[in-house]
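In what follows, a single structure is set out as structure tokens and then discussed.
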Amino acid sequence: SSNDDDDDDDVDHRHLLSQALQKDPYRTVVAQQEIRRILLVDPHDICITLFRKAFTTLLPKVEIVAASNATQALELIAAATAAARSSNSKQPPFDILVVEERLQPLFHDKNRQDNKNNNNNN
């Protein structure tokens, strides 16, 4: 079945990845200690899934947070920043941000909602 093929591919990728990491274990240890939280921002679920899989393979203890749009991402960043301040943490809210290059600007979401509301009122 196709799921079995996907599982075989995962095993192959994990094996290749573990070989690569064994060549430079110092870098791997540093990355695992330094990178704690990653924010993924992409409107496509498949991209979030692929990035999540890649990062958890490399950094199994990392916390991955996902947002599907800019508004949601900014809300997550604000909440994480507030939590860090309240606990007097010196750590940034996220160590890595991965953002879709063509993510619609924030004002685009608001304009679309305003247009939708105007159309409903007419």
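The values are calculated or read from the model by the stated rules, or taken from the named source; none is laboratory data. Worth saying up front: this structure is predicted, and the values here are computed from it rather than measured. Quick reminder, even Gly has a Cβ in these numbers, built from the backbone with ideal geometry, and neighbours come from all protein chains shown. To get the accessible areas, we keep the full protein, side chains included, count just its heavy atoms, and leave off ligands, DNA and RNA. Shrake-Rupley method; radii C 1.70, N 1.55, O 1.52, S 1.80 Å.
In terms of solvent-accessible area of protein heavy atoms at a 1.4 angstrom probe, what is the ranking of Glu34, Glu100, highest value first?
Numbers: Glu34 115, Glu100 35 Å².
Reading off the accessible areas and sorting them downward yields Glu34, Glu100.
Among the trypsin sites (Lys or Arg not before Pro) in region 31-97, which ones are in a DSSP loop with at most 13 other Cβ atoms within 10 Å of the Cβ? Mind listing them?
For trypsin sites (Lys or Arg not before Pro) across region 31-97 that sit outside H, G, I, E and B with at most 13 neighbouring Cβ atoms in 10 Å, the list reads Lys61, Lys90.
At 7 Å along Cα-to-Cβ for each site, give me the label-to-label distance between Leu50 and Ser86 in nm.
Here the answer is 3.7 nm between the modelled labels.
Can you tell me what percent of all Cα-Cα pairs in region 63-105 are more than 12 Å apart? It would help to have the intermediate numbers written out before the result.
Values: 563 of 903 pairs.
Above the 12 Å cut-off, region 63-105 has 62 percent of its Cα pairs.
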